[in-house]
Amino acid sequence: QLRLVESGGGLVQPGGSLKLSCVASGSMFRFYDMAWYRQNSGKEREFVARIESDGTLHYEDSLRGRFTISRDNTESTVYLQMNSLKPEDTAVYLCNAQAFGRDDWGQGTRVTVSS
């Protein structure tokens, strides 16, 4: 099981940028498909982006071009670079890891986009 710890959230003005990080414990990180989701209270969890173990990228279509997912297997970390942020990007952003039939989640980091 991977333990996932997100960081990098905070308050940012519309049009600003943030870079989220998710550090994973465990030695098998490089075999995991890693993803970011987001969720607001009372709403369903929404897919943001995924980077597979072989580097294949997937994005929610509406976020493509503003958000970039990447990973550093040497640091067991997955990143989410978010640019041109909008108020509707406000959410708790959660890190997800899938491999070997497992589906692990972090606790999330809150992003608030507001002036």
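Within the chain, what's the longest stretch lacking trypsin sites (Lys or Arg not before Pro) that sit in DSSP loops with no more than 13 other Cβ atoms inside 10 Å?
44-115
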Give me the percent of accessible area attributable to carbon and sulfur for the chain, probe 1.4 angstrom. 43
accessible surface per residue for the chain, probe 1.4 Å, DNA/RNA/ligands not counted, whole Å² -> 54
Normalised by the residues of the chain, what does the relative contact order come to in percent, with Cα pairs under 8 Å and at least six apart? 38
Proportion of all alpha-carbon pairs of segment 45-85 beyond 11 Å (%): 65
Find which of G55, G42, S76 sits farthest along the positive direction of the dipole of the chain, computed with +1 on the beta-carbon of Lys and Arg, -1 on that of Asp and Glu, about the Cα centre. G42
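The values are calculated or read from the model by the stated rules, or taken from the named source; none is laboratory data. Everything numeric in this text was worked out from a predicted model, so none of it was measured. Positions of Cβ are generated from backbone atoms using ideal geometry, with glycine treated the same way; all protein chains shown enter the neighbour counts. Calculation scope for accessible area: heavy atoms of the full protein, side chains included, ligands and nucleic acids excluded. Shrake-Rupley method; radii C 1.70, N 1.55, O 1.52, S 1.80 Å.
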